[in-house]
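Take a look at the structure set out below.
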Amino acid sequence: MLSLSHLALLLCANLASAARLTVSIPPSPPLLPNPSTLPPSTHAVLVGPPGVHYDVPIRRDSTFVFPDVAEASYLLTLHSRDYFFPPLRVDVSKAADESQQQTIQAWQTFRGNEWDNKGPHYGSGKGELQLQIQPSGHKEFYQERGGFNIIGFVKSPMILMALVSAVMIFGMPYLMDNMDPETKAEFEEMQKSSPLTGSGGAANQIQNFDLAGWMAGKGTSSGSGASGGGNSKKR
Amino acid sequence: MFLPLIAVPLLLAGSALAVFTDEAWNVDYHYALLGHPKQSTSFFHQPNPSSRASLIFTLSEEGVLGAINPRDGAVVWRQVLLPGASAHNASFLRAGEGQDVVISGIGSQVAAWSAGDGRQAWSLDVNGPVEDVEILELVDGKDASGAKDAVALSGGDHPLVQRLDGATGAVKWQHQLGGTDAPYQVSASTTEVFAISLHKTILGYLKLKVTSLDPVTGHKTDEHMLSSENELATAETIVTVGANSASPIIAWTDSAHSVLKVNIMGTKGISSFEIEKHDGQAVERVELHAPYHLNSLSHFLVHYQTATSHWAEVFHVDLKNGKVGKAYSLPKLSGRGAFSTSTSDANVYFTRVTRNEVMTVSSASHGILGRWSVDGFNVAAGEGEEIEPIHAVSDVSVRGDTVSAVRSAVLLSTGDWVLLRDGSPVWDRPEMLASTVSATFASPAEMETLVQQLEAEAHSNPIQAYIHRVSRHLHDLQRLPSFILSLPQKIVQGFLGTSADGGIATDSFGFHQIIACATKDGRLVAVDAGNPDKVLWNQQVADLQPGQIWQPSVSSPRGGVIEISSKASAGVQYNASSGEQLASILPIDLAADQTAQEVKYTMHDGGLEATVDSSTTWHFMPTSGERIVSLVPRPVNDPVASIGKVLGDRRVLYKYLDPNLALLVTANDAARAATFYVLNTVSGAILYSNVHSGVDVSSPIASMLSENWFTYSFTAEALGDSPKGHQLVVGELFESLVANDRGLLSSTANYSSMQTGTEPFTLTKIYQIPEAVSKMAVTRTRQGITSRQLLAVLADSSAVVGIPYGVLDPRRPINRDPSKDEQAEGLVRYSPVIDFDPKWYLNHQREVVGVKDVITSPALLESTSLLFAYGLDIFGTRLSPSFSFDVLGKDFNKFQMLATVAALAVATFVVAPLVMRKQVNSRWQFM
């Protein structure tokens, strides 16, 4: 499945000393224990100078074979449905003299960096090079909906606050009943004196606020006019 | 209420735009297609020799090799061998008996593919077009269990016959066919390899030259000419060069189809048979069906087809004396027929598929072993169109002397590929859609009738309108009983969340749009986007000669109507829902004609010319050495909700909005540069231009323009310290870059691009992307309020990705973190690389191969845009770039809501007496 656009000319020139590149995918246990599970649409692409472009499909032994690669600097990318593979730079350079074979070298390369910024060296060979590339990640296509989660729901601060106050409301009377009389008296004393809940406390004042009287221009009353025994009860 | 409002921009900023688990496979649909299968390259074959299960293999006209599961018609695997192939490309597919590979030959490549999983076993470039591939079924004795070798015939300047090792693809021997004869086919018997080439005589007639080769060494053992008479004028009347049978044969007819001549390969004798005439009609087509196995009986069937009927004759080859004799004939039946050959041990069976029945006969005698009637093929076809079988491949299961079952994969005249099991259709693959060249969305005609009625009421006088309305409502009342009856079911389904989307008539969200596809072979096929499992209608709209190419364009001029036009003909309109052809007299919209002036664009001498009222207004001439690659105008229907961009501090940047914008791309092949221009299409002014050097102009350059922004992508070569790879450029046009300032336009209420030449301020950003983009599109919604998504087709990953605009935004700050205000807008710091998040893959795990174009259409819901991608595969989905804010999606848990209400109700009833008691108690205690 070689896409030969302008390749024929280049090939003719280099037919005598064609460079062969073999890329294999080894088993890489946590991510891809068995490379033979890769779908047959997995393919490798070598992008060379304008017009030079090779595309080969995966073989039975999980390799990609580029039988003859012309002299140039290439970007090698592996495309698979389920995995990411790191991009590589592959250079096929001219032999020193006619009798020798071309040199193939491969490095990791980094997208968005200048082309000369090479990463780890993957290997080099004369006339032939075998590379191993491991997948760098699995493709996660799906977004889970944030479904209803009872633990997460209970953990949220609002629910926690509501629960604590529920415990206070329902639990306090029993707690008070079970207290021995001295502690109870002490506690009641403490409540009276506290600025928030005591009879002269802010909360009580607000609760017993006489809106009608205030609107009528009366001064703040001591709260005796408030109706409803439940509100002014003292415990 | 406040909380969700704050949450929305936060969510938008994150990369949460994704395919949800519960929506994947449900809202999207995909036809994994192969293209029109060819008779010669389709067969049943067992991928694993030890098991009986077989797959259907085919190498289609579109150059796609695939394996189909005969049980459900699903693609097991496929490989695109030659992108952009057509029926003209010669292609071959062979499978050896008991082999686990299939061997393909197309273009200049011979390759072996693992039959079970579709991985390549080997491939070989044969330095010339492949003319034929055969498998050597030699009984060597040495490697009987190993892979069988292949023989390949290649053309070009030096025609070659090569024997390829079955395991590695290495060339074992090659034989050069000298001379100027055109190589035609290769064939093999148990003892010899035959190469057949066509020799042209001085008078222009063809002679068949048979070269016999030794299969072990490749040396020539014999060579002779056939057909001394002037019968063969073209290669088209050669019926077959049979292969891989006990006695391969060559058969041909004269151009009038009056005589059939048969030669047993390796001998010089020619048997001649008169083709009898039926009803005085000329025989249009002669086909020969022979078994493909060495050890099967050497019987063959010849199929004759006239315009209205077909019949067949079965011949036997006597191996001892090398004679061919007619055994029996199958009766003439009207219509077209398809014959297929299957073998079981040495026995040969012929299966005949006609529009009414399927029957199987043995090659030995004319007794019918199995006969099943066909009650229709269960595919959509045009009004009054007779569905005919074109060709078939069959798998026969034989029990004793009778045929117990027969499965036939039949290509129909509608372009569907169906499997008939004992005469009843099991599955159907709409392969005609694989050659879609143009497509459009159209709203269903049912939806339009209400619109028309309302319009009628609006335009008539009040009394008439009132009567019309009352009668319409009375008419609607007739549907009330059925509606009430269906109500309980609807409610239950609504609770359980199992409610299937209703039909077209009850579509309130606009998801049921009709997609009309014009195919390469002159058919118009409609699919309902809301119910894509079935083709709605399918009919022949153009009568094309074989090999004739048309360039149709499909559009929807108004709701419920599809218009198809091509260069040769004016538009013909069809009803979108039924496919009925409408009157070809087009209503003329007077209002539109008076106000708008048309600007026409034509390519002229490599430049672009715009004319208004037949006078040229402007020219665009690319500089020397440049050619125009593409011109992408702003979509006609491109609503914009806001004329400005609101910044984080509530100030506004005004967008440069002009309905007459276009993005023009030119390429310079010599300088390897690409230039991108934003043009005003009325005045011809260049509003923005940019040159990129080191561009691979032979790879696709995708471009797109919408609203006030444009984008393009290309593959760049490393120059100096620049990176190599694929790049995506985004540009946004503003009236001014100062907030709250409209620049020169601030003082004018109206403006014309003919008079004032205001130039936009353009911000651009360039990003590195991991792979090439072959086509771009943009989502469209009804009002344009929803944010847009760039849709990019990735050919290498076989995917369509939806890139949120926030990722591409050219206003992303460089070298600094975004300020508070920018954060509020959702801007993030610029990074030069955009990695396509797999969650952006709209096709998720599906592989959408060979997409040529993507079209989008707004749904009735503002949040939703419909997408349809075509090319080889058909893929469609619904997109909500800003989430489904106006509809309760699947994420809305109805059960949870009901449970909460119920829990609250229970709590109220339980707590109420408690509270009551407490209040009573407290009063008593206080007193």
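Each row is one residue, and each column tells you yes or no for (1) under 22 Å from the mean Cα position of the chain (by Cα); (2) in the same structural domain as A:Leu76 (by TED's automatic domain parsing); (3) surrounded by 12 or more Cβ atoms within 10 Å (Cβ to Cβ); (4) under 30 Å from B:Lys918 (Cα atoms).
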{"residue": "A:Lys126", "(1), (2), (3), (4)": "no, yes, yes, no"}
{"residue": "A:Leu129", "(1), (2), (3), (4)": "no, yes, yes, no"}
{"residue": "A:Gln132", "(1), (2), (3), (4)": "no, yes, yes, no"}
{"residue": "A:Lys155", "(1), (2), (3), (4)": "no, no, no, no"}
{"residue": "A:Met158", "(1), (2), (3), (4)": "no, no, no, yes"}
{"residue": "A:Met161", "(1), (2), (3), (4)": "no, no, no, yes"}
{"residue": "A:Ser165", "(1), (2), (3), (4)": "no, no, no, yes"}
{"residue": "A:Met168", "(1), (2), (3), (4)": "no, no, no, yes"}
Residue by residue through region B:254-283, note down the ones that are open to solvent by 50 Å² or more (accessible area, probe 1.4 Å), over 18 Å from B:Val324 (Cα atoms) and assigned to a loop (DSSP other than H, G, I, E, B).
-> B:Ser255, B:Ala256, B:Lys277, B:Asp279, B:Gly280, B:Ala282
Is at least one residue of region B:40-59 within 22 Å of the chain's Cα centre (by Cα) and without any contact (Cβ under 8 Å) to a residue 40 or more places away in the chain?
-> yes
Within region B:695-710, the count of residues that are open to solvent by 10 Å² or more (accessible area, probe 1.4 Å) and assigned to a loop (DSSP other than H, G, I, E, B) comes to 7
Among residues of region B:685-700 being away from chain A (no Cβ under 12 Å) and touching a residue at least 40 places away in the same chain (Cβ under 8 Å), the residue farthest from B:Leu794 (Cα to Cα) is B:Ala685
Limited to region B:37-54, what total is found for residues that are open to solvent by less than 60 Å² (accessible area, probe 1.4 Å), in contact with a strand residue (DSSP E or B) (Cβ under 9 Å, 6 or more places away or on another chain) and more than 15 Å from B:Ser342 (Cβ to Cβ)?
-> 4
Quick one: would you say B:Asp117 is within 24 Å of the chain's Cα centre (by Cα) and of a type in the set (Asp, Glu)?
-> yes
Those residues of region A:78-106 that are surrounded by fewer than 17 Cβ atoms within 10 Å (Cβ to Cβ) and in contact with a Gly (Cβ under 7 Å, 6 or more places away or on another chain) come to a total of 1
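Mind telling me which of the residues B:Ser746, B:Ser689, B:Ser713 ends up being surrounded by fewer than 19 Cβ atoms within 10 Å (Cβ to Cβ) and at pLDDT 90 or above? Before you say what the answer is, go through the steps one by one.
Values: B:Ser746 fails: at pLDDT 90 or above; B:Ser713 fails: surrounded by fewer than 19 Cβ atoms within 10 Å (Cβ to Cβ).
The unique qualifying residue is B:Ser689.
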For residues that are part of a strand (DSSP E or B) and among the polar types (S, T, N, Q), scanning just region A:45-77, find the one that is most open to solvent (accessible area, probe 1.4 Å).
-> A:Ser73
For residues in region B:750-764 being surrounded by 18 or more Cβ atoms within 10 Å (Cβ to Cβ) and closer than 23 Å to B:Asp809 by Cα, which is modelled with the lowest pLDDT?
-> B:Pro760
Out of all the residues in region A:131-183, which are assigned to a loop (DSSP other than H, G, I, E, B) and over 30 Å from A:Pro27 (Cβ atoms)?
-> A:Arg145, A:Gly146, A:Gly147, A:Phe148, A:Asn149, A:Ser156, A:Met179, A:Asp180
Among (1) closer than 19 Å to B:Val833 by Cα; (2) more than 24 Å from the chain's Cα centre (by Cα), A:Asp68 falls short only on (1)
Does B:Asp214 satisfy the criteria of being touching a strand residue (DSSP E or B) at 6+ places or on another chain (Cβ under 6 Å), charged (D, E, K, R) and in contact (Cβ under 8 Å) with a residue 12 or more places away in the chain?
-> yes
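Restricting to region B:813-831, count the residues that are of a type in the set (S, T, N, Q) and under 20 Å from A:Asn113 (Cβ atoms).
Final tally of qualifying residues: 2.
Looking at region B:75-93 only, could you name the residues that are part of a strand (DSSP E or B) and open to solvent by 50 Å² or more (accessible area, probe 1.4 Å)? Break it down stepwise before answering.
Looking only at region B:75-93, we keep the residues that are part of a strand (DSSP E or B), and these are B:75-80, B:91-93.
Residue satisfying the conditions is B:Val76 alone.
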Have a look at B:Val678, B:Val682 and point out the one that is open to solvent by less than 40 Å² (accessible area, probe 1.4 Å) and either assigned to a loop (DSSP other than H, G, I, E, B) or on the phi > 0 side of the Ramachandran plot (or both).
-> B:Val682
Just one of the numbered conditions (1) within 14 Å of chain A (Cβ to nearest Cβ); (2) more than 18 Å from B:Ser713 (Cβ to Cβ); (3) in contact with a Pro (Cβ under 8 Å, 6 or more places away or on another chain) is not true of B:Lys839; which one?
-> (3)
Residue check, B:Tyr870 within 14 Å of another protein chain (Cβ to nearest Cβ) and over 23 Å from B:Gly784 (Cβ atoms) = no
Specify which of the listed residues (B:Arg355, B:Arg371) is open to solvent by 50 Å² or more (accessible area, probe 1.4 Å), free of Cβ contacts under 8 Å to residues at least 40 places away in the same chain and touching a Gly at 6+ places or on another chain (Cβ under 8 Å).
-> B:Arg355
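Looking at region B:889-900, which of its residues are in contact with a helix residue (DSSP H, G or I) (Cβ under 8 Å, 6 or more places away or on another chain) and either at pLDDT below 80 or under 19 Å from A:Glu144 (Cβ atoms) (or both)?
Correct list: B:Lys894, B:Phe895.
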Out of curiosity, is B:Asn815 on the phi > 0 side of the Ramachandran plot and surrounded by fewer than 16 Cβ atoms within 10 Å (Cβ to Cβ)?
-> yes
Might you check whether a residue that is part of a helix (DSSP H, G or I), open to solvent by 50 Å² or more (accessible area, probe 1.4 Å), over 29 Å from B:Glu448 (Cα atoms) and within 14 Å of chain A (Cβ to nearest Cβ) occurs anywhere in region B:885-895?
-> yes
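The values are calculated or read from the model by the stated rules, or taken from the named source; none is laboratory data. Quantities reported herein were computed from a predicted structural model and do not represent experimental measurements. Cβ sites come from the backbone with ideal geometry, for glycine too, and all protein chains shown count toward neighbours. These area figures cover heavy atoms from the full protein model, side chains too; ligands, DNA and RNA do not enter into them. Shrake-Rupley method; radii C 1.70, N 1.55, O 1.52, S 1.80 Å.
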